[in-house]
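For reference, the structure is listed below as structure tokens.
The values are calculated or read from the model by the stated rules, or taken from the named source; none is laboratory data. None of these values were measured; they are calculated from a predicted model. Counting neighbours? That spans all protein chains shown, and the Cβs are built from the backbone with ideal geometry, glycine included. All accessible areas refer to the heavy atoms of the entire protein, side chains included, with ligands and DNA or RNA removed. Shrake-Rupley method; radii C 1.70, N 1.55, O 1.52, S 1.80 Å.
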Amino acid sequence: KSKEIRQQETSMFARLRRPSKVQRSPSDSKLNPNAAPPKQKKNKIQKTSTSKMPSWQNGATPLAQHYMTTTRLNRYYQQFEAAFRTSSQLHNTATSRSDVNRIIGQLASRSNHPEANHVLSRLYDIAQGMRNQKYMGVAYILMLKFETADGIYSIVERSRDRIGRCYSAQKQAYTLTVSQGAHLLQQRGPSQVNTSWDSLLSSSRILESSASSSGFPSDVPAATHITSSEEREALLRLQEIIEDYTETHKENAFMSSLHEPARFYYDMGGNHHHRDHVDVHGLNGWLCLIRGWFGAQIPIIPQADDGDAFKGCSDVWSGMSSEAWDVFKRDENFGKSYKGLRALKSNMVTNKSFASNFNSGRDTGFVGHNASAMEEGAKKKKKKYLKYAEKFAYFFRRDFLVKKLFEVLNSEEKAEHVGFRKCLQALFPVFYKVEVGAGDVPDYLEFFYDDMLMNLDLAAASRFFWWIGVIKVEYAPPLSTHPSQDEAFFGQADSKPPARVKKPQPPPGPRPSNMKPSAMRNLPKPPPAAAAAKKMPPCTKCMAQATAPFRFCVGCGDNLEKQRAAAEPEKKRPAKEIKSDNIRRCSCGCIPSPPGNFCHMCGKPQPKTSTVALAPIPASAPAPVPDLYDEPDNCCPICMEEKDDIELIPHWHAVGDVSSHKMCGSCRKQYNKNECPFCHEVSIKEEIVVLIDDFITAVGQGTGDPQKSAALVERWQFFEMEFSTNLKVVYRVCKLVLQDKKFAELLAKGVAERQGWIRDGCGLIYRWRALAKDGKLDITSEQQALLEKAYKLSLSMIRSMGAHGHHLGAYYSQCIAVWLSAFQGDDDGETLRKMVKDAGKLVVDTYKRHKTSELRREVTERVVRDYARAFSINVYGREELDPVFTAFYKR
């Protein structure tokens with residue numbers, strides 16, 4: 001062979017042996033002119049890079065840049081700067097030492113704290129060293145105008161220990177004070193203090209800027225669709241609420257990924273010095289790491305020039321096993337201290353060298369000369385910081401972040417989150433019309449959750465949060481995305497949301513009036529006419545002929561499926577095609593029915609006018625059309641699976657035909673609500689009857705046990721909170737209780753004889769009286785008068801009880817708990833609020849008559865502090881305006 005041919009063969013064999021590594025040479029086409037062109041990797045790479053959602057494993061997060069890179073304090077700085085530009089006099093006053101000293105003197109005088117003057121002066125010196133004295137000066141002016149004496153006292157007390165420590169602790173005291181002063185711009189009550197600097201606040205318009213959208217992005221998609229002022233206010237309020245949550249989420253993510261693992265590592269490694277300094281110096285390094293990598297800012301502002309950042313900051317995750325991360329990353333451990341995680345074990349620390357070497361963070365080059373060196377390295381995305389960025393980003397997975405964000409805010413458990421549901425209801429119709437299109441706007445809970453209101457639709461929630469500027473667009477595809485497109489969009493199975501597509505439409509033809517849309521999902525296509533009618537064994541009871549679609553005998557109405565299952569449960573008959581005539585409608589009007597006395601699908605009797613004698617079915621008639629809407633008896637309408645444990649859902653007051661309202665055992669276990677998922681009727685009649693009977697029995701026995709009465713009231717509150725979205729059920733139950741003859745007799749007897757349960761169970765009486773006064777209960781005037789007598793009697797009995805702190809505290813806690821359960825359903829009317837206010841004043845008046853430290857201690861032991869705080873903020877506006885707070889919690 002010639003030299004050229006041998007080279008070509010050698011090249012060809014090499015390509016066969018290593019097809020993925022050796023590229024085709026230009027001479028290959030000469031050997032095989034019909035060979036396919038070589039595959040290009042470029043297209044594959046492009047498809048991969050554009051089809052997948054950014055992964056947290058690469059340090060990417062779905063949170064919008066604004067919420068990741070800013071904090072509330074930064075937004076306050078922007079408002080301060082805008083005020084300085086408007087009024088130079090405000091800037092001059094805030095930076096003038098003489099003017100600030102006058103302000104400090106008035107603050108110290110009002111707080112009555114012995115060290116207030118020294119602490120506030122030292123804080124201003126610290127701010128001056130940071131060149132931020134102008135912010136501290138404005139914060140002092142706002143505190144003098146709007147803060148109470150107790151609020152100033154608490155600021156001094158919390159800053160007193162920090163001002164004499166290291167610079168990092170001093171900076172924390174500065175941040176705390178400026179934030180507290182600036183926070184008064186948003187949450188301030190009616191001021192009763194006139195100061196010499198009120199004209200500066202007016203001229204700078206700083207109070208007006210607090211109600212504007214200053215500091216929030218204005219180019220969000222929602223801004224282009226909202227038109228009314230109410231919608232704009234709702235959007236602004238939503239942004240404020242979400243800002244509060246995202247700050248907490250970022251801080252919790254920092255704690256679970258970096259801060260607490262570092263403390264755990266140094267604790268197990270025996271280096272208690274570094275463990276304790278994670279809170280002081282080490283956190284500066286960790287904070288600079290996430291700020292450099294993500295641009296993330298959390299409420300704790302780091303000191304970038306801290307040269308001692310290595311004290312509590314090193315390559316700790318290289319010294320721990322993967323089991324330790326499995327504990328920290330659990331959803332239930334999010335934001336928790338390592339000391340409360342029992343699953344953590346000492347053997348999870350596999351390498352203690354970073355703890356035994358005092359300077360390990362600096363010697364290994366992990367930290368560098370100070371915290372800013374870590375920030376610069378993180379900006380360059382150095383590989384040694386990748387695992388830490390991934391762990392921080394793990395808590396920003398789209399599924400985790402969106403679910404926490406929606407469910408925490410929708411619960412409104414935190415006072416700062418109150419109003420989320422109201423704002424969402426105001427903006428949701430606009431969002432629905434923009435993203436979904438025409439049609440009736442559903443309730444937002446039905447849209448964002450599945451049919452059982454149990455599982456959040458992450459795709460819909462993500463799209464809404466993108467619409468208001470919280471989630472990046474690459475994590476929120478349009479709601480009309482096709483499933484295949486949606487899968488290509490997200491790429492990863494663990495982060496792919498359920499595709500929101502149009503529900504399958506039923507086949508043409510009439511539908512039963514009682515058929516729910518949820519029972520029509522995944523309906524099969526109509527079978528061809530040739531397969532619609534298949535000959536089956538005749539009825540064993542009347543020997544009438546039946547075909548495949550027949551479920552009930554047309555002659556006697558007996559269940560043919562049960563006959564076949566009992567006779568030959570496993571044997572399948574060969575199908576033979578037959579035809580029938582005289583096709584007609586069943587009495588229910590849903591399907592064509594062959595001649596007979598009973599419908600072959602639902603087993604209902606046929607009208608007498610259309611009943612014909614049974615006859616052999618001629619072969620010329622068309623085949624009967626099977627009913628595709630009516631499921632078999634053993635088919636669950638929720639999961640659409642055939643099961644043997646299907647039961648009819650019990651209804652307290654059934655309206656219409658509820659025969660199709662049934663559920664299998666597995667669906668009942670997952671569905672934890674006490675109402676029918678189809679008609680939302682109460683399905684716990686027995687439990688409610690037991691609740692009422694228990695209460696009536698306890699009253700009738702006259703036990704006088706206040707704990708039992710309070711427990712019954714608590715049980716009622718749980719019931720009302722459960723049905724907070726269906727208040728008609730609550731009103732109906734109240735009406736039935738009051739109309740109960742036995743209970744009416746016991747209530748009248750309790751009022752006449754001044755029985756103790758009127759006092760111990762006053763929460764129920766207060767709630768029922770408020771509903772009756774607001775016109776929400778259809779009861780007689782005699783029943784209303786009896787409730788009024790019971791209410792006045794309970795007040796009289798509380799007044800005559802004397803200085804019993806535990807009883808007074810339990811009484812007030814029961815009143816605000818009743819208000820809170822009504823407040824959760826937006827049903828706390830003016831009558832109920834006034835009654836709870838009067839209850840608080842009664843407790844305060846009793847305390848003022850005796851005014852002993854023992855009485856004050858006993859009252860506060862029984863009052864649920866969170867309940868009282870929620871009532872103060874939502875009814876009075878601020879805690880300081882609530883007389884209960886002033887009497888029992890004022891220093």
Note, the stretch 866-882: 3J(HN,Hα) by Karplus (6.51, -1.76, 1.60, θ = phi - 60°), whole Hz, Gly/Pro = x, goes 5, 5, 5, 5, 4, 5, 4, 5, 8, 10, 8, x, 8, 5, 5, 8, 8
Stretched fully, the stretch from Asn194 through Asn351 gains (0.36 nm per residue minus C-alpha distance, one decimal, in nm) 50.3 nm
Carbon plus sulfur, as percent of the 1.4 Å-probe accessible area of the stretch 230-282, comes to 42
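If you roll a 1.4 angstrom probe over the protein chains with everything in place, what fraction of the accessible area of the stretch 378-442 belongs to carbon and sulfur, to the nearest %?
Working: 1490 of 2950 Å².
Roughly 50 percent, rounded to a whole number.
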Computed about the Cα centre, the charge dipole of the stretch 113-201 from +1 Lys/Arg and -1 Asp/Glu charges at the Cβ has a magnitude in debye, to the nearest 20, of 320
Under the Karplus relation with 6.51, -1.76 and 1.60 and θ = phi - 60°, whole-Hz ³J(HN,Hα) for the stretch 403-417, x at Gly and Pro, equal 5, 5, 4, 6, 6, 5, 6, 5, 6, 6, 6, 8, 4, 5, 9
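For Lys414 and Ala748 in one chain, what is 0.36 nm times their gap in residues minus the Cα-Cα distance, to one decimal in nm? It would help to have the intermediate numbers written out before the result.
On the way: separation 334, 0.36 × 334 = 120.24 nm, distance 4.03 nm.
The span from Lys414 to Ala748 would gain 116.2 nm if fully extended.
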Quick note, the stretch 787-828: a/c under 1.5 would make it rounded; otherwise a/b > b/c is prolate and the rest oblate (a ≥ b ≥ c, C-alpha gyration tensor); here it is oblate
Averaged per residue, the 1.4 Å probe accessible area of the stretch 228-288, protein heavy atoms only, in Å², is roughly 27
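Mind checking the per residue accessible area of the stretch 312-402 for me, 1.4 Å probe, whole number of Å²? All intermediate terms of the calculation are to be shown ahead of the outcome.
Working: 4200 Å² over 91 residues.
Accessible area per residue, the stretch 312-402: 46 Å².
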Between Glu675 and residues 5 or more places away or on another chain, the pairs with built amide H atoms under 5 Å apart involve Ser683
Quick calc: nm separation of the 7 Å Cα→Cβ label points for Ser202 and Asp331 -> 5.4
Within the stretch 132-172, the residues whose backbone N lies under 16 Å from a label point placed 7 Å from the Cα of His118 along the Cα-to-Cβ direction are 156-165
When the charge dipole of the stretch 739-891 is computed with +1 on Lys and Arg Cβ and -1 on Asp and Glu Cβ about the Cα centre, the Cα farthest towards its positive end, among Thr846, Tyr766, Gly809, belongs to Thr846
Counting only DSSP loop positions in the stretch 310-374, the trypsin sites (Lys or Arg not before Pro) whose Cβ has at most 16 other Cβ atoms within 10 Å are Lys329, Arg330, Lys336, Arg342, Lys345, Lys352
Counting sequence-distant residues (5 or more places) and residues on other chains, those with an amide H built under 5 Å from that of Cys635 are Lys643
With label points set 7 Å from each Cα along the Cα-to-Cβ direction at Lys741 and Ser218, the distance between them in nm comes to 7.0
A correct Karplus calculation of ³J(HN,Hα) over the stretch 819-833, with 6.51 cos²θ - 1.76 cosθ + 1.60, θ = phi - 60°, whole Hz and x for Gly and Pro, returns 5, 5, 5, 6, 5, 4, x, 6, 10, 8, x, 5, 4, 5, 4
Yeah, the stretch 347-457 with a ≥ b ≥ c from its alpha-carbon gyration tensor (a/c under 1.5 is rounded, else prolate when a/b outruns b/c, oblate otherwise) is prolate
